[in-house]
Amino acid sequence: MRALLAVLLFAPIASAQNDVETVKAVNRAIEKGKAALLRMEAGQGHWEGQETAGKLLTYFADQNGGVTALTTLALLNSGVPADHKAVSKALDYLRGLELKRTYVVALCTMALAEAKQPRDLARIQKNADWLLEKAVKKGGRLQGWGYPHDAVGYVDGSNTQYAILGLYAAKQSGVKIDDATWTSIRDLYLSCAKDESPTAAFWRYDLNQNVGEYQASFTMTVAGLCGLFVSGMGMNASLQKLDDATGIAARCGHYESNGPIAKGMNWIAARFSFDRAPNMKMSILYNVYGIERLGRLSGQRFIGKYDWYREGCKFLLDSQNLDGTWTRTDKVADKVPAVATSFALLFLSKGRTPLLISKFAHGDASVRGGLIVERGGEPGVIGWNRKQNDVRHLTEFASRELFNGLPLGWQAYDSRKVTLNESEIKAEVEALLACPIVYLNGHGPIVLTRQQEEILKRYVDEGGLLFAEACCGDEEFTRSFYKLMTKLFPDNQIARMPANHAVWTSFFQVSPADFPFVDVLQRGCKTVVVFTQTPMAGYWEESRFAPTKGKPALNKGQKAWQFAGNVIAYATGMQPPEQRGTKRMIVDPNKEQSPPRGAFKPAQLRLRDEAPPAPAAMRNLLGYIASAADIDTANDKVMIFPSDLELSKFKFLYLHGRRELKLSDEEIANLKAHLETDGLLFADAACGRKAFDESFRALMKKMFPDKPLEVISPSDNLYSERINGTALRTVKRREKSDGSGPDGGYRELPPHLEGIKIDDRWVVIYSKWDVGCALEKHNSTECLGHTPEDALKIGAAVVLYSLKR
């Protein structure tokens with residue numbers, strides 16, 4: 001069998017058991033680690049001198065400030081605010097350091113950048129200038145960075161790695177670093193890559209120097225790969241020759257680093273380990289943090305067959321000391337508690353970053369002679385990843401503009417070369433739903449496996465949004481995408497997005513005239529697919545088009561960024577995704593189930609003039625009730641017309657609508673008779689639609705002329721502890737459609753339900769604010785109603801009331 005194919009292309013899928021207990025354990029470990037580091041500070045204002053107890057002075061010689069910078073960076077990433085007493089004193093300490101060692105200057109820059117305090121911009125600029133000045137060059141070509149010390153011209157992969165990280169942190173803070181610098185960094189790592197085979201390559205510690213042993217190093221191969229990723233991320237303009245007016249790139253998808261990255265990832269995948277990889281001489285925890293960085297920068301959920309974050313969490317949770325620190329006796333640097341603990345915290349805290357977008361891999365490819373070759377594609381070009389920084393840039397943009405700087409991540413999602421059974425597909429969908437958006441783009445026809453089609457369809461069915469772009473306006477991709485939508489969603493038609501659609505104004509004001517070829521697919525009360533034929537990814541690829549905060553967009557490129565921001569705002573409802581690894585349970589609609597005798601089985605009313613706007617709402621509610629309340633439930637509801645004679649078999653009826661409600665006299669009489677006997681009707685207006693609300697009130701007035709809808713008191717038994725286990729006192733509800741602000745427009749309010757009571761029991765319970773769309777996670781910024789979490793609580797309260805009254 002040939003050597004491993006490029007991991008960037010064919011990452012295997014593991015069972016996605018997003019264990020809630022693991023998430024809780026990670027958070028507990030971070031809190032214990034933070035507390036341990038803060039204890040070590042002991043009022044000194046720094047963390048220096050700890051290495052003397054382990055007699056490590058030689059290793060740490062003349063690196064004053066390095067331990068403090070690393071520790072401060074770890075604490076900031078772990079959620080300790082910059083104005084915390086110990087962190088604030090440490091930042092002051094770092095501001096006063098002399099610039100003389102690469103590690104220290106780079107780590108100080110990273111810490112100051114993470115603190116995000118305007119007063120530090122001048123110091124960050126000074127640090128960046130020093131790093132650029134100390135870069136070793138030969139014949140005008142970058143050779144790397146050293147400590148520096150007396151050996152003039154000496155460089156190594158570790159100092160070089162941290163210098164580059166420091167420069168990128170400076171750039172992220174606003175320091176101007178020209179593209180020539182990033183190009184020289186890319187060329188350095190391309191020249192240093194050592195081929196082990198046609199499909200695998202590595203880097204070594206001494207880079208291009210003719211000193212030391214010619215040894216492959218795991219940590220330095222990680223550093224080399226990260227250097228290639230960062231060099232691409234740092235550029236303001238890509239090398240793809242973008243036409244600013246059209247958004248079409250003449251060299252679309254051509255990256256000189258594609259082949260070396262693919263081969264380097266293969267080399268790492270074949271030797272993946274946190275503690276037993278080749279040539280880790282000084283620190284295991286240094287390697288752990290490096291793997292986190294590689295996983296995050298590459299966007300890969302898997303490195304080889306390993307879910308790197310899950311595996312790393314297990315490794316660190318199993319090795320944390322009782323006092324909250326991490327230490328090891330087998331490696332020199334790991335004997336220093338502050339250093340080892342900081343590396344561990346950086347892995348756990350940065351790795352748990354919520355995922356906003358998943359880039360969906362597609363197509364068929366192989367690696368030949370060091371080049372990626374796709375069927376019908378161009379040699380060296382990754383068809384589904386022709387723009388390597390588009391999603392990364394959009395994620396950073398959304399973090400900054402929409403979510404007040406909340407750290408957000410993205411991932412490349414690849415499920416091609418594996419066989420999954422039904423339960424594994426369900427687990428994959430649950431894992432993918434951690435991202436509110438799946439992104440799909442490329443040139444040529446979209447080639448998906450049957451499993452990929454199933455995963456994509458169920459992702460959308462369960463509340464995710466598919467955002468697609470025809471890269472460079474490729475017509476073949478467009479035709480293929482339309483065919484795919486017809487196949488996956490035959491009952492819904494993709495059509496041009498109306499000029500009054502919420503996406504145009506969900507956060508920024510974007511005109512449809514700027515992007516006339518945008519299509520949408522509607523499912524019930526939410527748009528679930530947004531597809532742009534107008535090229536935009538070329539603009540997203542280049543950070544020079546990022547709009548200036550608070551200023552209007554001046555060109556098409558900036559408007560394309562704002563349009564993407566609007567799609568993100570619409571898809572998330574301005575609610576940030578949850579921590580990576582948080583479990584999103586879904587109920588399997590295909591699971592055959594014979595509910596136990598007496599199990600709760602509801603019915604949803606069908607309306608003759610519209611399909612159910614939220615067909616999965618009741619199924620999701622049933623799954624929640626079965627789990628949270630330990631009540632036997634059916635797998636799904638029964639759909640039934642109000643005139644059906646079988647109506648009396650169902651004591652609980654659900655009605656969810658968005659249009660004007662029109663029932664015949666026969667339907668009204670049948671429904672009324674059932675409610676007066678023993679039934680309960682729970683109804684809500686999809687996204688708070690006024691047309692449904694007004695018509696429902698008119699219907700109730702006609703059905704029960706002597707019993708008007710009344711607001712259910714907050715002290716009613718419906719909300720009580722006896723019914724719900726915990727009294728339902730407040731819920732998060734959005735009553736205005738702007739969706740602005742970090743809370744997405746949601747406010748903590750008392751529950752607001754109305755009802756009609758007969759013989760001291762509620763026979764109708766109604767919410768003018770949406771419940772059903774939220775139960776499907778289809779609560780966009782235009783949707784007036786509850787968060788998904790509180791929609792579950794409200795729905796469960798009504799169901800439990802119907803059972804316990």
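Inverting the pair-averaged 1/r between distinct Cα atoms of segment 642-751 gives 16.3 Å as its Kirkwood hydrodynamic radius.
For segment 121-274, lysine pairs separated by 8 or more sequence positions, or belonging to different chains, with Cα-Cα distances below 16 Å total 4. Protein heavy-atom surface of segment 438-591, 1.4 angstrom probe: 51% of the accessible area is carbon and sulfur, with nucleic acids and ligands not counted.
Gyration tensor over the Cα atoms of segment 203-293: the corresponding equivalent ellipsoid has semi-axes (square roots of 5 times the eigenvalues, largest first) of 32, 14, 12 Å. Of the peptides 221-231, 320-330, the order by per-residue mean of other Cβ atoms within 10 Å, starting with the highest, comes out as 221-231, 320-330. The separation of segment 455-483 from segment 274-351, counted between C-alpha centres, amounts to 37 Å.
Counting Cα-Cα pairs of segment 127-238 in 10 Å increments starting at 0 gives whole-percent bin shares of 14, 49, 30, 6, 0.
A Förster radius of 51 Å combined with the Cβ-Cβ distance from Ala629 to Thr419 puts the calculated FRET efficiency at roughly 0.90. Once both labels are positioned 7 Å from their Cα atoms along Cα-to-Cβ, the gap between Tyr482 and Asp364 label points is 2.5 nm. Based on protein heavy atoms only, the chain ends up with 39 Å² per residue of surface accessible to a 1.4 Å probe. Subtracting the Cα-Cα distance of Asp318 and Lys651 from 0.36 nm times their residue separation leaves 114.8 nm of extension gain.
I'd like the carbon and sulfur percentage of the solvent accessible area for segment 65-118, probe radius 1.4 Å, heavy atoms only, ligands and nucleic acids excluded. Can you show the working numbers first?
Values: 920 of 1740 Å².
For segment 65-118, the apolar C and S fraction of the accessible surface comes to 53 percent.
Which of the peptides 423-429, 770-776, 780-786 is most tightly packed, and how do the rest follow, going by the mean number of other Cβ atoms within 10 Å of each residue?
On the way: 423-429: 19.4, 770-776: 29.6, 780-786: 25.1.
Taking the mean over residues of other Cβ atoms within 10 Å, the ranking is 770-776, 780-786, 423-429.
Taking 1.002 mPa s as the viscosity and 20 °C as the temperature, the Stokes-Einstein diffusion coefficient of the chain based on its alpha-carbon Kirkwood radius rounds to 75 µm²/s.
Find the percent of Cα-Cα distances in segment 97-167 that exceed 19 Å, and round it to a whole number. All intermediate terms of the calculation are to be shown ahead of the outcome.
Numbers: 738 of 2485 pairs.
Result: 30 percent of Cα pairs exceed 19 Å.
Label-to-label distance, Thr677 versus Arg400, with points set 7 angstrom from Cα along the beta-carbon direction: 6.4 nm. Report note on the peptides 393-404, 444-455, 787-798: ranked by the mean count of other C-beta atoms within 10 Å, highest first, their order is 787-798, 393-404, 444-455. Seen from every direction in turn and averaged, the convex hull around the alpha carbons of segment 454-540 projects onto 6.0 nm². The accessible surface of segment 626-669, taken with every protein chain in place and a 1.4 Å probe, is 44 percent carbon and sulfur.
Would you mind checking the pairs Lys305/Lys483; Lys32/Lys350; Lys24/Lys426; Lys690/Lys736; Lys24/Lys281 and listing those with alpha carbons more than 21 angstrom apart? Long pairs (Cα-Cα over 21 Å): Lys305/Lys483; Lys24/Lys426; Lys24/Lys281.
The values are calculated or read from the model by the stated rules, or taken from the named source; none is laboratory data. For clarity, every value in this text was computed on a predicted model and none was experimentally measured. Neighbour counts are summed over all protein chains in view; Cβ atoms, including those assigned to glycine, are modelled from backbone coordinates with ideal geometry. Accessible surface areas use protein heavy atoms only, side chains included; no ligands, DNA or RNA. Shrake-Rupley method; radii C 1.70, N 1.55, O 1.52, S 1.80 Å.
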